[in-house]
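Note sheet for the following structure.
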Amino acid sequence: MSRTTRSGALAACVAASLVLAGCADSGTAGAGSSTLNVATLTFPQSLDPTQAVGSALPFFQATYDTLVKREPDGGFSPMLATEWEYDADRTGLSLTLRKDVKFADGTAFDAAAVKANMERFKEGGGADAKWLNDLESVQVVDPAHVTLHLKQPNPAMLFYLSDAAGLMANPAKFGQGDSLKTTPDGTGPYRLDQAKTTIGTRWVYERNEDYWGERLPYDNLTISFFDNETAIVNGLKTGQVNAALLQTADQQVAIESDPGMETVEQAFDFQGLLLFDRDGKLAPALKDSRVRQALNYAVDRKTMLSVIRQERGQITSQVFGPDTQGYDEKLDTYYSHDPARAKKLLAEAGYAEGFTLKLPRITAIVNDALATSLATDFEAVGVDLVWDELDGGTAIQKVFTDRAYPGMVMNIGQAASDWIVVNELVTPGAFNMFGTTDPTVRKLIPEIQAGVDEQAGRAARELNAHLVREGWFVPFYRMTYLHVSDGTVEITPQSGMAAPSIYNYAPVE
């Protein structure tokens, strides 16, 4: 299922992999159809924008516009905001808004609506609510102008405004309980067709004839949930589905042999072991950087990539992706597979006899092959890896609330923004739950956050190298995903998302 760059990743993953909604019966959509039918392994638990999370963003894009539009290459263009400008210290972001936009009931979209939405998103308790932690206040200058006042510079703010934090709902609905959960009300290109929609299986959207913006090429959009990729492949081959994202290597191989399918590759997620407990609160051995380095040397990345991913990806030892300024190609191969060196480091750290490492396992992320491979690699250097099997009812609680594990194998999207990588993985939060830091980290983070071109880039590269040397993480490889269409649809991958934006589909000419 699609992963995100954000702390909502596990929540989206659990929803996608463990909610048993069966295979969607979505009808037929052939060449020349006015309906686009997209298959997905994830779906939103709510259509209220405060609960939006990256991997489910297309469900929201259909009915809600964002303040800023994110283009396929990661650049930003006008949407509900036509212009934006930072002040000198980059703590004030002024937005100029469109004047010709209304919600379905005639309520005007204006600066007051922006203020209401952003304050609600910040306090709404969603997975990505922390994106607006730096938002101090929203100043309504006049109906067409609003200024976001930040506590400190945030280089990712435009990204956030092009994603969940920028979705604009009708404020008139805010006092009506959970109405937005199943009845979205935005200014987007489509409206949800309640009569044809079955929540949990199929969402059907019809064109908003009063839409202010560019007319998308399809009159209707259907997003169908499937609980496995085999069913998605069958749907593509039988005409139930026009487009889908495939992540598993076996299914990618299966679909590529079909001459009727069109495919586009995209490298997005990395898979690896995120070490939470670098202070040794749960696993004392992890406090020593030599132990973390030993784990990195223990992993046979090349064999894992070959056997598990069938060479569909690239090995890596870094969490910064190729689109960031902090990326350094040399760091991809910083850790070779060297069990002897791993044993030596463990001995130097006082663990010559090894230690036990208990990690959670969600089978949708860690399949049998990966679980066995990692356990075998660790056992070879004296580390006893014990898997604790989790289900959807306990995973989020035990991992992030109870903080019961020293780390977790996950798939994490590699964003194009250095600050997004740092803010999600390095600053205190879901993936640095024990707040680990050191003098180098404290020095470099403010320089990256200031976002001043080459200075920020240099700091990001220094931080990346430091994290790799200190063994903050144990990445395995970046994974190559496959966008597939039935031959009637052209798909353009979306920077910053595994799932394409709804704007990225067009009929084949």
Checklist line | Enumeration of residues in the stretch 340-379 that are under 14 Å from M304 (Cβ atoms) and either in a helix (DSSP H, G or I) or acidic (D, E) (or both) | finding: D368, A369, L370, A371, T372, S373, L374, A375, T376, D377, F378
Notebook entry, point to check: In the stretch 364-388, what residues are at pLDDT below 95 and under 23 Å from M433 (Cβ atoms)?
Noted result: A364, I365, V366
Next item on the list: Report the residue count in the stretch 238-259 for those that are in a loop (DSSP other than H, G, I, E, B), of a type in the set (S, T, Y) and either more than 28 Å from I315 (Cα to Cα) or without any contact (Cβ under 8 Å) to a residue 12 or more places away in the chain (or both).
Entry: 1
Note to self: Please pick out the residue among D388, D384 that is in a strand (DSSP E or B), within 27 Å of the chain's Cα centre (by Cα) and among the charged types (D, E, K, R).
What the structure shows: D388
Notebook entry, point to check: With respect to V319, is the statement that it is in contact (Cβ under 8 Å) with a residue 24 or more places away in the chain, assigned by TED's automatic domain parsing to the domain that holds T356, assigned to a loop (DSSP other than H, G, I, E, B) and among the hydrophobic types (A, V, I, L, M, F, W, C) true?
Noted result: yes
Margin query: Cβ contacts < 6 Å: first residue closer than 18 Å to V140 by Cα, restricted to the stretch 75-102; second residue among the aromatic types (F, W, Y), any location; separation 6+ or different chain. Result?
Written below: L93/Y86; L95/W84; D100/W212; V101/F109; V101/W212
Next item on the list: Scan the stretch 391-410 for residues that are under 16 Å from I362 (Cβ atoms) and assigned to a loop (DSSP other than H, G, I, E, B) and jot them down.
Entry: D391, G392, G393, T394, D402, A404, Y405
Item checked: Criterion: part of a loop (DSSP other than H, G, I, E, B) and under 20 Å from P500 (Cα atoms) - qualifying residue of G235, G213 -> G213
Item checked: Hits in the stretch 327-339 (condition: within 19 Å of L286 (Cα to Cα) and assigned to a helix (DSSP H, G or I)) -> P339
Note to self: Against the condition modelled with pLDDT of 95 or more, of a type in the set (A, V, I, L, M, F, W, C) and not in a strand (DSSP E or B), how does L148 come out, does it pass?
What the structure shows: no
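Take the residues in the stretch 301-316 that are in a helix (DSSP H, G or I) and in contact (Cβ under 8 Å) with a residue 60 or more places away in the chain; name whichever of them is surrounded by the most Cβ atoms within 10 Å (Cβ to Cβ).
Of everything passing the filter in the stretch 301-316, R301 is surrounded by the most Cβ atoms within 10 Å (Cβ to Cβ).
Which of the residues spanning the stretch 92-107 are under 18 Å from D65 (Cα atoms) and surrounded by 14 or more Cβ atoms within 10 Å (Cβ to Cβ)?
Just the residues of the stretch 92-107 that are under 18 Å from D65 (Cα atoms), to begin with: 95-107.
Matches in the stretch 92-107: L95, T96, L97, R98, V101, K102, F103, A104, T107.
Just the residues that are part of a strand (DSSP E or B) and touching a Pro at 6+ places or on another chain (Cβ under 9 Å), please, taken from the stretch 170-202.
Keep residues of the stretch 170-202 that are part of a strand (DSSP E or B), which gives 186, 190-192, 198, 202.
Across the stretch 170-202, the qualifying residues are G186, R191, L192.
Does the stretch 260-300 hold any residues that are outside any loop (DSSP other than H, G, I, E, B), of a type in the set (A, V, I, L, M, F, W, C) and at pLDDT 95 or above, and which are they?
Within the stretch 260-300, the first condition is being outside any loop (DSSP other than H, G, I, E, B), and the residues that meet it are 262-275, 284-287, 289-298.
Then drop every residue that is not of a type in the set (A, V, I, L, M, F, W, C), which leaves 264, 267-268, 270, 273-275, 285-286, 291, 294-295, 298.
Within the stretch 260-300, V264, L273, L274, L275, A285, L286, V291, A294, L295, A298 meet the criteria.
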Next item on the list: Could you check A465 against (1) touching a residue at least 24 places away in the same chain (Cβ under 8 Å); (2) within 25 Å of Y334 (Cβ to Cβ); (3) part of a helix (DSSP H, G or I); (4) in contact with a Ser or Thr (Cβ under 9 Å, 6 or more places away or on another chain) and say which number it fails?
Entry: (4)
Check: Name the residues in the stretch 151-170 that are crowded, with 20+ Cβ neighbours inside 10 Å and more than 24 Å from the chain's Cα centre (by Cα), would you?
Finding: N170
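The values are calculated or read from the model by the stated rules, or taken from the named source; none is laboratory data. Note that the coordinates shown come from a computational prediction; the quantities given were computed from them, not determined experimentally. Glycine gets a Cβ as well: all are built from the backbone with ideal geometry, and neighbour counts include every protein chain shown.
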